[in-house]
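Only one structure is covered here, and it is reproduced in the block below.
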Amino acid sequence: MIIGGGVNGLCSAYYLSQSGYDIEVIDPGFSAEGTSYGNAGMIVPSHFIPMASPGIISKGLKWMFNASSPFYIKPRLDWRLIQWLWRFNKSCSSRNVERSQELIWKYNELSKQEYAKLAQNENLNFDFHQRGLMMLFKSEKSKAEEIEIAQKANEIGIEAKVLDQSQVQSLNPDVKVDVLGGVYFPEDAHLYSNHFMRDLMDLLTKRGVKLTKDSVIGTKMANDRITALTTKNGKVVLADHFIITAGAWSWKILKMLGIKLLLEDGKGYSITQKSIDIKPTIPAILTDEKVAITPMGDDLRITGTLEISGISTKINHKRVHGFLSAVPKYFPDMKVPDQPAVDEIWTGYRPLSFDGVPYVGRSKSIANLVVATGHGMMGMSLGPATGKLVAQIVNQENTDLDLELMRLGR
Ligand SMILES: Cc1cc2nc3c(=O)[nH]c(=O)nc-3n(C[C@H](O)[C@H](O)[C@H](O)COP(=O)(O)OP(=O)(O)OC[C@H]3O[C@@H](n4cnc5c(N)ncnc54)[C@H](O)[C@@H]3O)c2cc1C
């Protein structure tokens, strides 16, 4: 029984189905509104530095007072948020970066290889390409920061090349680029998230996985095991194994089971422009404004902002305008609506752990429970590797990655 049908839930179903289990995935949505659909679709071995890293707090505080900035925490008297912020603050250290960077890189790399296999072996067409990622900068400050990250990347074995304006331009022949330069990570990839989710659901259905539209509202326990779940539609679901992959909502389900998980939601927005000719060939992050631009098939997706404001579909138009208006500064010929209509704006929630490392593992207190969440800004990237890990945990096999840093009760 898998609770949550985002990328991590569906990928868990895929790898578990290879071991012959009867699987049901339960989710109220399974629709393009979900976080695993409208994201930037970047597969990022380049993102080896966890969000909780030195300097992020001072940067965040500066942004907090700018209404159109890419980062915001809505001040609220919420004990859960206070605890999360406390642990986040403590984790913003070089030690946290040093101990987790190799795991995060290898996790992304494993996942990229699994995406390639999924595209090839299952004949899925989700516009998966390895064309790399450009970290573009317009200011000397961002240039210095990105070059420092590139040097660290090269030190641990990730290829990163510092490019000047003309080199960036020649890699993006279809659009004029106005930047100081960029750092190019050739090993990164990208895909059309909506197409991946659609194709994987079709494949799972053909393999006999049951996808049920419903949500879990209660749990039944006996002898330190979950015996059943109760759902909004009045069903009682029995199973041998329970997997929680409910993204930013996972903490609520775990709370019903008496397990505390520090998890916040990092809300973000995207707009998708259909059939666009003038667009970058290589996905890019506009580093001064933290905006991501991804060519997806014939379309183009622009994503931005991270608001820790509690799950709500309310749109902050100032912030949407803030990130969209950055695009023509880097790509002067691109036409981007700076005030899109409400129905053109997609909203999603990154499940944020306090230290930037996902939570993946078996519960210590409930023997038949496995949790996989907290993938933050790279949950799409880490989906297939997560599914593989979940299957290995359920099957009690050796796991491809060491799970120690990802344990639940940390
Ligand atoms: C703007 C933006 C851009 C992003 N760009 C990227 C990117 O380029 N690359 C990348 O790797 N990641 C990116 N991400 C992050 C990525 O989208 C997420 O980390 C990932 O989608 C999380 O997947 P998930 O399966 O863990 O959770 P989700 O996709 O959120 O799925 C969880 C599911 O659980 C369901 N659920 C909730 N409560 C219940 C319940 N009670 N019962 C049953 N089901 C329930 C929900 O309906 C939901 O469908 C981005 C995110 C945002 C917001």
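The values are calculated or read from the model by the stated rules, or taken from the named source; none is laboratory data. Predicted model only: the values in this text are computed from it and were never measured. We place every Cβ from the backbone using ideal geometry, glycine too, and count neighbours over all the protein chains shown.
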* Structure fact -> Requiring at least 1 residues that are among the acidic types (Asp, Glu), the strands (runs of 3 or more DSSP E) wholly within segment 308-399 are none
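For Glu159, are the conditions met, namely being charged (D, E, K, R), surrounded by 14 or more Cβ atoms within 10 Å (Cβ to Cβ) and free of Cβ contacts under 8 Å to residues at least 60 places away in the same chain?
So Glu159 passes the test.
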* Cross-chain or 6+ apart pairs with Cβ under 7 Å, segment 82-94 first and more than 7 Å from Phe354 (Cβ to Cβ), then outside any helix (DSSP H, G or I) -> Gln83/Leu262; Cys92/Ala52; Cys92/Ser53; Cys92/Pro54; Ser93/Pro54; Ser94/Pro54
* Asked: In segment 277-311, which residues are surrounded by fewer than 22 Cβ atoms within 10 Å (Cβ to Cβ) and without any contact (Cβ under 8 Å) to a residue 40 or more places away in the chain?
  -> Asp298
* To do: Kindly indicate whether any position in segment 114-134 is within 19 Å of Glu102 (Cβ to Cβ), at pLDDT 95 or above, in a helix (DSSP H, G or I) and among the small types (Gly, Ala, Ser).
  => no
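Let me confirm something: among Ile217, Ile149, which residue is in contact (Cβ under 8 Å) with a residue 12 or more places away in the chain, within 16 Å of the ligand (Cβ to nearest atom) and surrounded by 13 or more Cβ atoms within 10 Å (Cβ to Cβ)?
Sole residue among the options that is in contact (Cβ under 8 Å) with a residue 12 or more places away in the chain, within 16 Å of the ligand (Cβ to nearest atom) and surrounded by 13 or more Cβ atoms within 10 Å (Cβ to Cβ): Ile217.
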* If you go through segment 186-214, how many residues are away from the ligand (no atom under 13 Å from the Cβ) and either assigned to a strand (DSSP E or B) or exposed (fewer than 15 other Cβ atoms within 10 Å of the Cβ) (or both)? -> 6
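One line per residue, one yes/no per condition, for (1) more than 11 Å from the ligand (Cβ to nearest atom); (2) buried (at least 22 other Cβ atoms within 10 Å of the Cβ); (3) in contact (Cβ under 8 Å) with a residue 60 or more places away in the chain:
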{"position": "Asp22", "(1), (2), (3)": "yes, no, yes"}
{"position": "Phe30", "(1), (2), (3)": "no, no, yes"}
{"position": "Gly41", "(1), (2), (3)": "no, yes, yes"}
{"position": "Ile57", "(1), (2), (3)": "yes, no, no"}
{"position": "Gly60", "(1), (2), (3)": "yes, no, no"}
{"position": "Met64", "(1), (2), (3)": "yes, no, no"}
